[in-house]
Amino acid sequence: MATDKDLDEVTLFHQAVKDARPLNVEPLHSPKTHPKPIAKHFIRDEKQALRDSLSDDYYPAHDVESGEELLYLREGQSPNILSKLRRGFWVVQAQIDLHGLVSDEARLYVADFLNGCKKRNIRCVRIVHGKGLGSRNREPVLKHKLRSWLMQKDEVIAYAQAKPEDGGSGAVIVLLKA
């Protein structure tokens with residue numbers, strides 16, 4: 001049972017804080033947020049789609065290939081793009097090296113790399129495929145496969161053999177869509 005003294009203290013307190021406004025303060029102990037679940041099947045499906053996005057059996061209807069030099073310009077693009085690419089007009093922003101990889105590993109690696117570049121808005125890349133000196137028959141297996149893989153990727157505008165100081169016939173410079 002409340003006494004008169006208790007009621008007086010409550011009344012005094014209410015009078016003392018009647019003009020007070022609450023502060024807009026975040027609680028010290030915010031409720032814990034749980035991380036979003038990782039969709040393992042989605043990630044697996046994305047990786048499979050990347051693997052399937054490049055085929056070894058792709059044969060383009062046209063290309064600008066001349067002899068052993070890798071050259072390609074997507075239809076509808078200005079020929080100036082190819083000449084600028086060959087002269088080193090664009091700065092190489094990222095690169096990968098396919099040395100030591102077998103064809104299936106290299107295909108997935110290239111697909112992952114190009115996908116990552118697309119996400120990071122990288123425009124110009126170098127892909128070192130090697131000259132084939134360490135392969136059977138001393139022929140550049142990955143060089144020819146890379147040619148068809150790159151043509152299949154919609155984000156590839158053009159590619160050209162690298163300048164001698166950038167890898168020459170063992171590397172290719174690729175220009176990607178912005």
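Counting just the residues of the stretch 13-45 that are surrounded by 10 or more Cβ atoms within 10 Å (Cβ to Cβ) and modelled with pLDDT of 70 or more, which one comes out farthest from residue 103 (Cα to Cα)? It comes out as 13. The single condition among (1) over 17 Å from residue 156 (Cβ atoms); (2) at pLDDT below 90 that residue 91 does not satisfy is (2).
Scanning the stretch 76-87 for residues being farther than 14 Å from residue 177 by Cα and surrounded by fewer than 16 Cβ atoms within 10 Å (Cβ to Cβ) gives a total of 5.
The values are calculated or read from the model by the stated rules, or taken from the named source; none is laboratory data. All figures in this text were calculated on a predicted structure; none of them were measured in a lab. For neighbour counting, all protein chains shown are included, and Cβ atoms are generated from backbone atoms with ideal geometry for every residue, glycine included.
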